[in-house]
Amino acid sequence: MSLISVALPFSNQPHFERTLRQFAEAPLVRKIFVLHAGQYQVAHPKCEGVMAASLTSGRTLNDLLSRISTEYLLFIPEVQEIQLGQAALERFAAVAAQTSAAMTYADYFEIKPGVRSEHPVNDYQPGSIRDNFEFGPLLLFSMAAVRKVLGEFGPLAEGPGLYDLRLKLSVHGRVFHIQEYLSTKVESDLRATGEKLFDYVDPRNQAYQKELESVATQHLQRIGAYLPPKFNPVPEPAEKFPVEASVIIPVRNRANTIADAVSSVLKQKFDSPFNLIVIDNHSTDGTSEILDGLAAQNPNVKHLIPSRLDLGIGGCWNEGVFSEHCGRFAIQLDSDDIYSGPETVQKIVDVFRSGDYAMVIGSYRLVNMKLEELPPGVIDHREWTPENGRNNALRINGLGAPRAFNTALLRRIRIPNVSYGEDYAVALRLSREYQIGRIFEPVYLCRRWEGNTDAALSIDKANRNDFYKDKIRTIEIMARQLIHDKE
């Protein structure tokens with residue numbers, strides 16, 4: 001059986017010695033490299049200290065990888081208590097050998113807080129290029145594959161080295177998911193999924209985000225999916241529209257919030273005719289009655305109930321976009337949220353008028369139901385650039401809000417009939433051909449409350465959502481590769 005080197009981050013917590021002992025006593029482990037910042041004193045013959053200011057930087061990994069003489073490297077990317085499963089290392093090594101995988105990872109158990117539960121992870125696919133893909137606590141690398149890609153593509157990026165490594169390995173090698181629970185991790189990040197959503201847009205991370213963007217862009221260039229900043233002109237619409245702009249709100253069972261959303265639209269001051277189309281997806285909690293009353297008071301409120309019973313949010317959007325009431329521009333508002341002021345619609349349409357844009361995306365402020373700001377505050381996605389935004393969009397998990405569309409183009413493309421990622425899918429599709437305009441000041445208030453669909457997801461639901469977005473990226477990468485094939 002092949003021998004393994006282990007890279008283990010040092011901790012002065014008691015769990016470090018327990019974790020270290022497991023690897024030191026494992027017959028397959030030849031060497032343990034303890035990554036530390038000057039605190040570690042070697043206390044076991046299998047151990048060697050490696051100074052590391054950052055666990056996953058290219059500087060650390062380039063140094064570490066040059067020291068490995070075994071066939072595999074088991075890398076532990078976080079300071080966590082790890083408990084190995086029965087014959088876990090033997091299973092990792094056997095599967096890696098049998099599949100010729102460049103990188104192998106597995107499901108795991110987690111303990112939080114004090115409760116043990118299963119934590120499955122997703123299969124890797126071509127679209128899994130987001131930098132927050134979860135592999136679990138143990139990553140097994142084939143050193144033969146590592147040496148091959150470093151020889152072909154050069155050393156790892158100085159900052160996001162681990163991200164760079166797995167993208168380079170995925171170009172020619174297999175990233176293989178063992179669908180077995182091979183370890184247990186004592187979880188230290190106990191935030192709900194809704195609180196983790198915005199980590200990547202934290203202003204403190206902007207410099208690192210640019211490094212990640214550079215790594216992702218180079219990957220897209222290597223696989224033939226990079227798009228240069230050349231865009232098609234937005235065609236003039238053949239059809240006539242009843243108004244210049246329509247705000248579209250899909251809704252189901254939001255009796256507590258829908259009136260606020262509608263009110264924020266009716267307060268808009270706009271230089272042209274506009275309306276509000278609410279697609280009521282068969283609400284049962286009184287939402288329909290509230291909308292009936294609002295529509296009766298204002299003829300610009302179009303309350304539509306679809307005949308279909310199989311619609312998600314995307315399907316409801318299609319109902320609004322294809323309705324006879326829809327204007328030249330279709331502007332998003334979620335039923336939980338409100339516009340930040342009476343100028344939102346005007347600001348969005350002004351951007352459409354100022355350039356050749358198929359879509360305009362604004363910025364928003366996170367608030368609670370009392371409209372008090374929540375951290376991290378304004379989500380403006382300033383990582384977007386006109387030159388590379390559509391490439392970097394494949395790395396990140398969202399593009400911002402509110403979203404607004406050229407209706408004629410949206411009717412041609414349609415929105416997937418799903419209730420998660422539908423906006424991301426259509427934004428990627430439009431950006432493949434056309435320019436997207438941006439507003440970097442907040443024009444929208446995103447109200448976080450316990451009823452949000454992404455507030456606190458189960459791991460299975462979070463995995464399904466992430467897998468779907470990865471699948472959307474896979475489709476988009478394949479479509480962009482076809483463009484290169486035809487050139």
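Structure notes:
- Pair list, Cβ under 6 Å, 6 or more apart: the range 1-25 residue under 13 Å from Ala43 (Cβ atoms) and open to solvent by 10 Å² or more (accessible area, probe 1.4 Å), other residue modelled with pLDDT of 90 or more and not in a loop (DSSP other than H, G, I, E, B): Phe10/Val34; Phe10/His36
- Sole residue being among the acidic types (Asp, Glu), surrounded by fewer than 16 Cβ atoms within 10 Å (Cβ to Cβ) and either over 24 Å from Arg395 (Cβ atoms) or modelled with pLDDT under 95 (or both), chosen from Glu118, Glu152, Glu110, Glu81: Glu118
- Scanning the range 397-410 for residues that are closer than 26 Å to Val349 by Cβ and out of contact with any strand residue (DSSP E or B) (no Cβ under 9 Å at 6 or more places or on another chain) gives a single hit, Ala408.
- Residues that are within 25 Å of the chain's Cα centre (by Cα) and open to solvent by less than 10 Å² (accessible area, probe 1.4 Å) within the range 313-334 comprise Gly314, Gly315, Cys316, Ala330, Ile331, Gln332, Leu333, listed in sequence order.
- Remark: pairs (first residue in the range 255-266, at pLDDT 95 or above; second residue small (Gly, Ala, Ser); Cβ separation under 8 Å; 6+ apart in sequence or on different chains) = Ala255/Ser283; Ala255/Gly286; Asn256/Gly451; Thr257/Ser335; Thr257/Gly451; Ile258/Ser335; Ala261/Ser335.
- Any hit, the range 56-65, residues being over 34 Å from the mean Cα position of the chain (by Cα) and either surrounded by fewer than 20 Cβ atoms within 10 Å (Cβ to Cβ) or modelled with pLDDT of 90 or more (or both): no
- Yes/no for Pro299 being farther than 30 Å from Lys230 by Cβ, assigned to a strand (DSSP E or B) and open to solvent by 20 Å² or more (accessible area, probe 1.4 Å): no
- Tally of residues being more than 15 Å from Arg328 (Cβ to Cβ), of a type outside the set (Lys, Arg), surrounded by 14 or more Cβ atoms within 10 Å (Cβ to Cβ) and in contact with a Leu (Cβ under 7 Å, 6 or more places away or on another chain) across the range 350-375: 5
- Any hit, the range 384-393, residues being aliphatic (A, V, I, L, M) and in contact (Cβ under 8 Å) with a residue 40 or more places away in the chain: no
- Residue in the range 7-16 that is out of contact with any helix residue (DSSP H, G or I) (no Cβ under 8 Å at 6 or more places or on another chain), in a strand (DSSP E or B) and under 27 Å from Ile178 (Cβ atoms) present: yes
- Only one entry in Ser363, Ser283 is in contact (Cβ under 8 Å) with a residue 24 or more places away in the chain, polar (S, T, N, Q), more than 23 Å from Pro242 (Cβ to Cβ) and part of a strand (DSSP E or B), namely Ser363.
- Verdict on His484 being of a type outside the set (S, T, N, Q) and at positive phi: no
- All conditions in (1) within 23 Å of Asn465 (Cβ to Cβ); (2) among the hydroxyl-bearing types (Ser, Thr, Tyr); (3) in contact with an Asp or Glu (Cβ under 8 Å, 6 or more places away or on another chain) hold for Ser170, with the sole exception of (3).
- Taking residues in the range 76-101 that are on the phi > 0 side of the Ramachandran plot, and partners anywhere that are surrounded by 15 or more Cβ atoms within 10 Å (Cβ to Cβ) and not hydrophobic (A, V, I, L, M, F, W, C), the pairs with Cβ atoms closer than 9 Å and at least 6 places apart or on different chains are Ser100/Ser142; Ser100/Gly173; Ser100/Arg174.
- Checklist (1) out of contact with any Leu (no Cβ under 7 Å at 6 or more places or on another chain); (2) touching a residue at least 60 places away in the same chain (Cβ under 8 Å); (3) buried (at least 21 other Cβ atoms within 10 Å of the Cβ) applied to Pro342, failing item: (3)
- Candidates Ile483, Ile436, Ile379, Ile459: the one that is surrounded by fewer than 18 Cβ atoms within 10 Å (Cβ to Cβ) and touching a strand residue (DSSP E or B) at 6+ places or on another chain (Cβ under 8 Å) is Ile459.
- Scope the range 90-107; condition surrounded by fewer than 19 Cβ atoms within 10 Å (Cβ to Cβ) and either under 30 Å from Ala479 (Cβ atoms) or touching a Lys or Arg at 6+ places or on another chain (Cβ under 7 Å) (or both); matching residues: Thr99, Ser100
- Residues that are in contact (Cβ under 8 Å) with a residue 24 or more places away in the chain, assigned to a loop (DSSP other than H, G, I, E, B) and farther than 15 Å from Ala393 by Cβ within the range 222-240 comprise Ile223, Gly224, Asn232, Pro233, Val234, Pro235, Pro237, Ala238, Glu239, listed in sequence order.
- Residue check for Leu8: of a type in the set (A, V, I, L, M) and within 20 Å of Gly161 (Cβ to Cβ): yes
The values are calculated or read from the model by the stated rules, or taken from the named source; none is laboratory data. All figures in this text were calculated on a predicted structure; none of them were measured in a lab. All Cβ positions, even for glycine, are placed from backbone atoms using ideal geometry, and neighbour counts span all protein chains on display. Accessible surface areas use protein heavy atoms only, side chains included; no ligands, DNA or RNA. Shrake-Rupley method; radii C 1.70, N 1.55, O 1.52, S 1.80 Å.
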